[in-house]
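Enquirer: Pasting a structure below so you can have a look.
The values are calculated or read from the model by the stated rules, or taken from the named source; none is laboratory data. This one's a predicted model, so the numbers in the text were calculated from it and none came from an experiment. Here the Cβ positions follow ideal geometry from the backbone for every residue, glycine too, while neighbour counts run over all protein chains shown. Protein only, heavy atoms only, side chains kept; ligands, DNA and RNA dropped before computing areas. Shrake-Rupley method; radii C 1.70, N 1.55, O 1.52, S 1.80 Å.
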Amino acid sequence: MRWLLVAFGLLAVPGLAQTPPPPAGQVQQDPLKMGVQLYALGRYEAALALFERAAKENPANPDALYWLARAQLKMGLLNPALENAKGLVAKNPRYIGGYMVLSEAYVALYRASEDREKGKAYLEQALSVLRDAEKVNPRYPALFAQRGLVYALLGQPDRAEEAFKKALSLEDSPGVRAALAELYLSLGRLDEALDQYAKAVAQAPKDPDLRVRYASALLLKGKAEEAARVLEEGHRLKPLDAEGWYTLGQAYWALGRAKEAGVALENAVTLAPLRFPAAYYYLGQVYLALGDYPKAKSRLTVAVRLEPKRAEYRYSLCLANEKLGDKEGARYQCQEALKLKPGYKEAEEVLRRL
């Protein structure tokens, strides 16, 4: 079996790097095999119970303890995961998966730290573990990808880039390319990020998350038409999720395709009603442009309720109220917009004419 690092986000969607163990042998026990399958489906709680059983029935099997620690990390059981990972390394010093899950546990503890400066000690421990792992297998790609993540979290982008590139030189992976793209985005190197995303999508065309990230980066570059194409192609391969529809709606809106933007954004809020407050704002813009003022007011009212301190949301609701002849409602929303953004010229102009 060929193990790959799956995509993880350094900016928008931070999460643990997924670093499965090397092919240390075929899974023989049913609880372990079933647990791995459930884990792959995202059913971590059910997988955890099976991994606990597998570890109890065969405590000498490093795979069982490895997957138990991984499932514990997914369930937020950080200290048990850390102790199991430490035990795994101590009992099986040649099993590189133990080092990988131990480094992930330290990264998870850093993310859970209230004081991130003090929490950086966990990241230094993660790096120490990875140095030990390198002695076991100096050509293990996931090791260098994990190192890149740790350096990025430490605010050392040069070292992070070097580590990601080392991982790619050992095994070209869409997950690592996506991680490198996220690093470039954080550094404002948009063209390099786009290049990495394009290569990642070419390698994993059915990965919807990769397509959404690529499309979002294209929108930053002002390439709305290409962003729409990337998402439309993805939808033909696999139905878009809420974030995909939301991003596609933004692309259509940027292209002046208001009706299509409305359909995409409505799909987004139907699938995830509270996840994207800005989707309601964009829907308000769409319906204002289409002259459907009741719908504009309805959607903008939700946007304001979800994010009441956004001046532009209140200004747009002011416009919708004005179009509907609700002068009092329009005046109130524009006044609130001015409180949030003093000198808001557009809101001042509406107040002058009311």
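Enquirer: Quick check: from the Cα gyration tensor, does the stretch 168-253 come out rounded (a/c under 1.5), prolate or oblate? Show your work: numbers first, answer last.
Expert: Details: a/c = 2.27, a/b = 1.32, b/c = 1.73.
Note, shape of the stretch 168-253 comes out oblate.
Enquirer: Classify the stretch 169-318: rounded, prolate or oblate, from the alpha-carbon gyration tensor (a ≥ b ≥ c, eigenvalue square roots; a/c under 1.5 rounded; otherwise prolate if a/b is larger than b/c)?
Expert: Prolate is the answer for the stretch 169-318, as a/c is 1.5 or above and a/b outweighs b/c.
Enquirer: Still on this structure: So which of Lys166/Lys223; Lys259/Lys297; Lys91/Lys165; Lys74/Lys165 end up more than 25 Å apart, counting from Cα to Cα?
Expert: Lys166/Lys223; Lys91/Lys165; Lys74/Lys165
Enquirer: Could you provide, to the nearest whole Å², the per residue accessible area of the stretch 233-354 with probe 1.4 Å?
Expert: Accessible area per residue, the stretch 233-354: 53 Å².
Enquirer: About its Cα centre, what dipole magnitude does the stretch 149-209 give when the only charges are +1 on Lys and Arg Cβ and -1 on Asp and Glu Cβ, stated in debye to the nearest 20?
Expert: I would put it at about 80 debye.
Enquirer: Okay, moving on. Taking +1 at the Cβ of each Lys and Arg and -1 at the Cβ of each Asp and Glu, which of Gly249, Leu306, Trp67 sits farthest along the dipole of the chain towards its positive end, judged by Cα position relative to the Cα centre?
Expert: Leu306
Enquirer: Also: Taking 7 Å along the Cα-to-C-beta vector as the label spot, tell me the Gln156-Asn79 distance in nanometres, rounded to one decimal.
Expert: 3.0
Enquirer: With contacts defined as alpha carbon pairs under 8 Å and 6 or more residues apart, what's the relative contact order of the chain in percent?
Expert: Reported relative contact order: 9 percent.
Enquirer: Taking 2.2 N^0.38 Å as the expected size of a compact globular protein, what ratio does the Cα radius of gyration of the stretch 235-354 give against it, to two decimals?
Expert: Values: Rg = 14.8 Å, N = 120, 2.2 N^0.38 = 13.6 Å.
Rounded to two decimals, the normalised Rg is 1.09.
Enquirer: So if I average 1/r over every pair of distinct C-alpha atoms in the chain and take the inverse, what Kirkwood radius in Å does that give?
Expert: Numbers: mean 1/r = 0.0441 Å⁻¹.
Across the chain, the inverse of the average 1/r is 22.7 Å.
Enquirer: About the Cα centre of the stretch 251-301, what is the dipole size in debye to 20, counting +1 per Lys and Arg Cβ and -1 per Asp and Glu Cβ, all else neutral?
Expert: So the magnitude is around 60 debye.
Enquirer: What percent does the relative contact order of the stretch 212-348 come to when contacts are Cα pairs within less than 8 Å and at least six residues apart?
Expert: Details: 187 pairs, mean separation 19.1, N = 137.
About 14 percent, as a whole number.
Enquirer: For the stretch 258-319, what does the alpha-carbon gyration tensor say about shape, rounded, prolate or oblate, given a ≥ b ≥ c as the root eigenvalues, a/c under 1.5 as rounded, and a/b over b/c as prolate?
Expert: Values: a/c = 2.06, a/b = 1.07, b/c = 1.92.
Taking the square roots of the gyration eigenvalues as a ≥ b ≥ c, the stretch 258-319 is oblate.
Enquirer: Hey, another quick one. Quick one: dipole size for the chain, taken about the Cα centre, charges +1 on Lys/Arg Cβ and -1 on Asp/Glu Cβ, in debye to the nearest 20.
Expert: So the magnitude is around 240 debye.
Enquirer: How much length, in nm to one decimal, is gained on full extension between Leu190 and Arg229, taken as 0.36 nm per residue of separation minus their Cα-Cα distance?
Expert: On the way: separation 39, 0.36 × 39 = 14.04 nm, distance 1.90 nm.
Here the segment from Leu190 to Arg229 would lengthen by 12.1 nm.
Enquirer: Tell me, what HN-Hα J-couplings in whole Hz come from the Karplus equation 6.51 cos²θ - 1.76 cosθ + 1.60 at θ = phi - 60° for each residue of the stretch 86-100, using x for Gly and Pro?
Expert: Taking θ as phi minus 60°, the curve returns 4, x, 4, 5, 5, 7, 9, x, 9, 8, 5, x, x, 5, 5 Hz for the stretch 86-100.
Enquirer: Follow-up. Between Val263 and Arg236, what is the spin-label point distance in nm, taking each point 7 Å from the Cα along the Cα→C-beta axis?
Expert: Going by the 7 Å Cα→Cβ label model, 1.6 nm.
Enquirer: Under a cut-off of 16 Å between alpha-carbon atoms, report the aspartates and glutamates in cross-link reach of Lys295, not counting same-chain residues fewer than 8 places apart.
Expert: Partners found: Glu260, Glu266, Glu322, Asp326.
Enquirer: For the stretch 64-150, what does the convex hull of the Cα positions come to per residue, in cubic angstrom?
Expert: Enclosed volume per residue, from the Cα hull, is 81 Å³.
Enquirer: For a protection proxy built on the mean count of beta-carbon atoms within 10 angstrom, sort 210-221, 325-336 highest first, please.
Expert: Result, highest mean first: 210-221, 325-336.
Enquirer: Return the aspartates and glutamates within reach of Lys339: Cα separation strictly under 17 angstrom, same-chain partners fewer than 8 residues apart disregarded; answer none if there are no such residues.
Expert: Partners found: Glu307, Glu312, Glu328, Glu348, Glu349.
Enquirer: Please give, to one decimal in nm, the separation of the simple spin-label points placed at Lys327 and Lys56, each 7 Å out from Cα toward the Cβ.
Expert: 7.5
Enquirer: If you take the charge dipole of the stretch 214-332 about its Cα centre, with +1 on Lys and Arg Cβ and -1 on Asp and Glu Cβ, which of Asn321, Pro239, Gly222 is farthest toward its positive end?
Expert: Asn321
Enquirer: Whenever you get a sec, compute what percent of the accessible area on the chain sits on carbon and sulfur atoms (1.4 Å probe).
Expert: 50
Enquirer: For the stretch 91-208, what's the radius of gyration and Dmax over Cα atoms, in angstrom?
Expert: 14.7, 46
Enquirer: What value, in deg cm²/dmol to 500, does the helix sum -39500 (n - 2.57) over DSSP H runs of n ≥ 4 give at 222 nm once divided by the residues of the chain? The partial results should precede the final answer.
Expert: Values: 19 runs with 262 residues, N = 354.
That calculation yields -24000 deg cm²/dmol at 222 nm.
Enquirer: Do you know the relative contact order of the stretch 107-235, to the nearest whole percent, from alpha carbon pairs under 8 angstrom that are 6+ apart?
Expert: Averaging sequence separation for qualifying contacts and normalising by length gives 14 percent for the stretch 107-235.
Enquirer: Here's another thing I want to ask about it. Considering only Gln203, Asn267, Ala181, whose Cα is most displaced toward the positive end of the charge dipole of the stretch 174-302, charges sitting on Cβ of Lys, Arg (+1) and Asp, Glu (-1)?
Expert: Asn267
Enquirer: Pairs to check: Lys199/Lys238; Lys199/Lys221; Lys56/Lys120. Give those whose C-alpha atoms are more than 22 Å from each other in this structure. Spell out each step's value before the answer.
Expert: Details: Lys199/Lys238 19 Å; Lys199/Lys221 17 Å; Lys56/Lys120 34 Å.
From Lys199/Lys238; Lys199/Lys221; Lys56/Lys120, over 22 Å: Lys56/Lys120.
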